[in-house]
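Enquirer: Structure in structure tokens, see below.
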Amino acid sequence: MPPEAPWIAVVGPGRASADELAAAEEVGAGIAAASAVLVCGGLGGVMEAACRGARSRGGMTVGLLPGLERGKANGWVQVAVPTGLGEARNALVVRAADAIVAIGGAWGTLSEIALGLRAGRPVVGLGTWELRRGGESVEGIAAMNSPSEAVAEALARLS
């Protein structure tokens, strides 16, 4: 992995559907195949599936954990960073990344999308939140239809 490798955050629910887990694993594999670093919240669900996919391709995985114990990271995280910040670690996840791929999602995912957009990070979505204000669509999330498209778009938005 080159030192200038992009860091791509994968965000999504800790309790994910089978389809979300499959998509996350494929996204993780795509990130590794592109020689990028995968950064996430380090726990289960989408985070674990994405890390599993990245590791299956020899990729690097970083987990920014909400608690203080490295041992709470999913087994596919290579670098576990305990923050002790709880959900506030979502800000660190998106700030550490050059781009964000959001898969599915609950409130934590929505916070990561908002924080990422606020920080000027490109956000690519796969079956995730759609933003509306006053009944009108708001630009911000590039909605994709497949994991491979999501990874390609996240990388393209870095250029």
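The values are calculated or read from the model by the stated rules, or taken from the named source; none is laboratory data. The structure presented is a predicted model; accordingly, all values stated were derived computationally and were not measured. Heads up, the Cβs are rebuilt from the backbone with ideal geometry, glycines too, and the neighbour counts pull from every protein chain shown. We work out accessible area using only protein heavy atoms, side chains counted, and drop any ligands, DNA or RNA first. Shrake-Rupley method; radii C 1.70, N 1.55, O 1.52, S 1.80 Å.
Enquirer: Looking at segment 59-159, what % of its DSSP beta bridges pair antiparallel, to the nearest 5? It would help to have the intermediate numbers written out before the result.
Expert: Numbers: 2 of 13 bridges.
About 15 percent, rounded to the nearest 5.
Enquirer: With each run of n ≥ 4 DSSP H residues scored as -39500 (n - 2.57), what mean residue ellipticity at 222 nm is computed for the chain after dividing by its residue count and rounding to the nearest 500 deg cm²/dmol?
Expert: On the way: 5 runs with 57 residues, N = 159.
Only helices count here, giving -11000 deg cm²/dmol.
Enquirer: Net charge within 12 Å of A143 by Cβ-Cβ distance, Lys/Arg positive one each and Asp/Glu negative one each, not counting A143 itself?
Expert: Working: positive: none; negative: E130, E139, E149, E153.
Counting the neighbours of A143, the net charge comes to -4.
Enquirer: If we restrict to alpha carbons, what Rg and Dmax does segment 1-52 come to, in Å?
Expert: Considering segment 1-52 through its Cα atoms, Rg and Dmax are 10.7, 35 Å.
Enquirer: Here is a further query. Quote the charge dipole size of segment 5-159 about the Cα centre in Debye, to the nearest 20; the model charges only the Cβ of Lys and Arg (+1) and of Asp and Glu (-1).
Expert: Values: 13 positive and 14 negative charges, 92 e Å.
Using Cβ point charges on Lys, Arg, Asp and Glu, segment 5-159 gives about 440 debye.
Enquirer: Restrict the search to segment 52-83; then list the trypsin sites (Lys or Arg not before Pro) that DSSP places in a loop and that have at most 12 other Cβ atoms within 10 Å of their Cβ. All intermediate terms of the calculation are to be shown ahead of the outcome.
Expert: On the way: sites: R52, R55, R57, R70, K72; in loops: R57.
Qualifying residues, ordered by number: none.
Enquirer: Where the centroid of each part is defined by its Cα atoms, how far is segment 26-101 from segment 134-150 in Å?
Expert: 22
Enquirer: Averaged per residue, what accessible area in Å² does segment 37-159 show with a 1.4 Å probe, protein chains only? Show your work: numbers first, answer last.
Expert: Details: 6050 Å² over 123 residues.
So segment 37-159 comes to 49 Å² accessible per residue, rounded to a whole number.
Enquirer: I would also like to ask the following. Would you mind telling me the share, in percent, of accessible area of segment 16-113 contributed by carbon and sulfur at probe 1.4 angstrom? Mind dumping the intermediate values first?
Expert: Values: 2080 of 3960 Å².
In segment 16-113, the share of accessible area belonging to carbon and sulfur is 53 percent.
Enquirer: Rg (Å, one decimal) plus Dmax (Å, integer) for the alpha carbons of segment 1-152?
Expert: Looking at segment 1-152, its Cα Rg and Dmax stand at 13.9, 45 Å.
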